[in-house]
Amino acid sequence: MMVKDSVFGLKGNIVYSKTPKQLEICENSYLVCEKNLVKGVYQELPEEYKKIPVEDYGDCLIIPGLVDLHIHAPQYTFRGLGMDMELLDWLETNTFPEEAKYKNLEYARMAYQIFVDNLRKGATTRACIFATVHRQATLLLMDLLEGSGLHTMVGKVNMDRNCPDYLREETEESASETVEWMKDIQHNKYKKTQAILTPRFIPSCTDELMEKLKMIQMRYQTPVQSHLSENYGEISWVQELCPESEFYGDAYDQFGLFGVDCKTVMAHCVHSDAREIARIKENGVFIAHCPESNMNLASGVAPIRTFLDEGLHVGLGSDVAGGTTENLFTAMAHAVQASKLRWRLKDDSLKPLTASEVFYMATKGGGEFFGKVGSFEPGYELDAVILDDSRLVHPQEINVQQRLERLIYFSDDREVYAKYVAGEKLF
Ligand code: GUN
Ligand code: FE
């Protein structure tokens, strides 16, 4: 039988999720990829695949690529700095002055190159990324990401109120620059990099701008990303700005920018009430849980157990630079740790998250925002990360599940030995 080039196998200790509850573990097994999609995971290669090329990764772990549902590329420069404030002061003091620098394309190129290089080295294969208000710098970021081989959604940020004049766009300008940006990338300029509409959050967008953004969303059929119910001061501000909305999420929903006919991911949802959670579920909105950011900015801890029990779509976000690192293993560990503090200190009816659950969120949970991504079930796009954990020495025998647990707590890009995105080998 002819063996097609587009079929290959990866051999190693394969770990992935079908559900949040349980890890699928296949030791010393084969992951077969055909036309960029997972064909299956096999203990022994089936007869028809006996002759396919196989990359043998020995005792390494093979996991689905990790998905970062929320990260700010321009904030990568000041990660770890200025962490003694809450959200609104932190935006004014750290974020807006830094983001203003991306008007300068020379600075943007330097900063975005560092961001993209580091994201590429780690275990992340897909990401939803905020840029800044600047169209040209956003295109530059998209060029660099396209070259990296990662699959990403990138947003030119929209803001026409409540930010310094040096960053604020006029309403009409914000809308027209967004349309120009859509035109810039039409006709398949990119294969791996998609535009995602990005109203920063309700306080920075007037009703008039939100109406215009909905028109753009419908015309170009874009997904949407934003922030929701992150911080108490922010939530009461939204109540003042939008007295007619029932709750924060409703302020997006009134403009048709909250799921239903547009795929939407909202970061945080730390303080979403029962009505907001019900609307998120009804509209099929994805939640990007960003535990480190929520701790650093003292926002709180989102009730992820409730979201999982309700069957909502939940993934993980690093939220750099609210979070300090793009390493999603760290985000998994923080999600577990934050849930334990919440359980002990705030609500003992919500059991802490498990390693299996946070691994699910970092892979299949967030991956679903990109389609059939984040698992090794047949038909999924093949995103795979090969992890060599030999640096983490130990005297005793530990099994594959335990090795994954340790990787969640310890590993960084030093363990990432090889990486595949949508069937393509990056390194
Ligand atoms: N809300 C509005 N803008 C931002 C931002 O840049 N980071 C975070 N964490 N929350 C926001
Ligand atoms: Fe954010």
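L407 meets all of the listed conditions (1) closer than 13 Å to V15 by Cα; (2) touching a Ser or Thr at 6+ places or on another chain (Cβ under 9 Å) but one, namely (2). With respect to T178, determine if the residue is touching a residue at least 60 places away in the same chain (Cβ under 8 Å), buried (at least 17 other Cβ atoms within 10 Å of the Cβ) and within 13 Å of T222 (Cβ to Cβ). No, not satisfied.
The residues in the stretch 290-306 that are more than 16 Å from ligand 1 (Cβ to nearest atom) and outside any loop (DSSP other than H, G, I, E, B) can be counted, and the count is 3. Only residues that are in contact with a strand residue (DSSP E or B) (Cβ under 8 Å, 6 or more places away or on another chain) and small (G, A, S) were counted across the stretch 260-279, and they come to 2. Restricting the stretch 352-410 to residues that are more than 20 Å from the chain's Cα centre (by Cα) and basic (K, R) leaves a set whose member that is nearest to P303 (Cα to Cα) is R406.
Report whether or not L297 is surrounded by 24 or more Cβ atoms within 10 Å (Cβ to Cβ), over 29 Å from Q194 (Cα atoms) and within 16 Å of ligand 2 (Cβ to nearest atom). Answer is yes for this residue.
Across the stretch 214-234, the qualifying residues are those that are within 23 Å of the chain's Cα centre (by Cα) and within 13 Å of ligand 1 (Cβ to nearest atom), and the one among them that is farthest from T178 (Cα to Cα) is N231. Identify, please: which residue in the stretch 308-342 is among the β-branched types (V, I, T) and surrounded by fewer than 24 Cβ atoms within 10 Å (Cβ to Cβ) and is, among those, farthest from ligand 1 (Cβ to nearest atom)? Among residues in the stretch 308-342 that are among the β-branched types (V, I, T) and surrounded by fewer than 24 Cβ atoms within 10 Å (Cβ to Cβ), the one farthest from ligand 1 (Cβ to nearest atom) is V336.
Residue-level check: of (1) away from ligand 2 (no atom under 16 Å from the Cβ); (2) closer than 22 Å to Y252 by Cβ; (3) out of contact with any Ser or Thr (no Cβ under 9 Å at 6 or more places or on another chain); (4) part of a strand (DSSP E or B), H227 misses just (1). Can you confirm whether the stretch 88-107 contains a residue that is of a type in the set (K, R), farther than 24 Å from S204 by Cα and either in a helix (DSSP H, G or I) or more than 16 Å from ligand 2 (Cβ to nearest atom) (or both)? No, that holds for no residue. The residues of the stretch 307-318 that are assigned to a helix (DSSP H, G or I) and touching a Ser or Thr at 6+ places or on another chain (Cβ under 9 Å) amount to a single one, F307. Scanning the stretch 387-413 for residues that are outside any loop (DSSP other than H, G, I, E, B) and touching a helix residue (DSSP H, G or I) at 6+ places or on another chain (Cβ under 9 Å) returns L387, Q401, L404, E405, L407, I408, Y409, F410, D413. Whether any residue in the stretch 207-217 is more than 16 Å from ligand 2 (Cβ to nearest atom), farther than 21 Å from R168 by Cα and of a type in the set (K, R) is what I want to check. Checked against the condition, which is being more than 16 Å from ligand 2 (Cβ to nearest atom), farther than 21 Å from R168 by Cα and of a type in the set (K, R), the stretch 207-217 yields no hits at all. What are the residues in the stretch 256-289 that are in contact with a Leu (Cβ under 9 Å, 6 or more places away or on another chain) and assigned to a helix (DSSP H, G or I), if any? Selection gives E276, I277, I280, K281.
Return yes or no: is G284 within 15 Å of ligand 2 (Cβ to nearest atom) and farther than 22 Å from L91 by Cα? Taking the combined requirement at face value, the residue does not satisfy it.
The sole residue among S318, S349, S356, S293 that is modelled with pLDDT of 95 or more, more than 20 Å from P64 (Cβ to Cβ), among the small types (G, A, S) and touching a strand residue (DSSP E or B) at 6+ places or on another chain (Cβ under 7 Å) is S293. Applying a threshold of 6 Å to beta carbon distances and a minimum spacing of six or more residues, or different chains, the list of pairs starting in the stretch 89-104 at a residue that is touching a residue at least 40 places away in the same chain (Cβ under 8 Å) and more than 9 Å from ligand 1 (Cβ to nearest atom) and ending at one that is of a type outside the set (K, R) and assigned to a helix (DSSP H, G or I) reads N94/F78.
For (1) touching a helix residue (DSSP H, G or I) at 6+ places or on another chain (Cβ under 8 Å); (2) away from ligand 2 (no atom under 16 Å from the Cβ); (3) closer than 30 Å to E230 by Cβ, each residue gets a yes or a no:
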| residue | (1), (2), (3) |
| --- | --- |
| V7 | yes, yes, no |
| N28 | no, yes, no |
| V38 | no, yes, no |
| K51 | no, yes, no |
| E55 | no, yes, no |
| V67 | yes, no, yes |
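A Cβ distance below 7 Å, combined with a sequence gap of six or more or placement on separate chains, defines the contacts here; from the stretch 236-263, residues that are within 14 Å of M218 (Cβ to Cβ) reach residues that are among the charged types (D, E, K, R) in the pairs F255/E211; F255/K214; G256/K214; L257/K214.
The values are calculated or read from the model by the stated rules, or taken from the named source; none is laboratory data. Since the structure is predicted, the reported quantities are computational estimates derived from the model, not experimental observations. Positions of Cβ are generated from backbone atoms using ideal geometry, with glycine treated the same way; all protein chains shown enter the neighbour counts.
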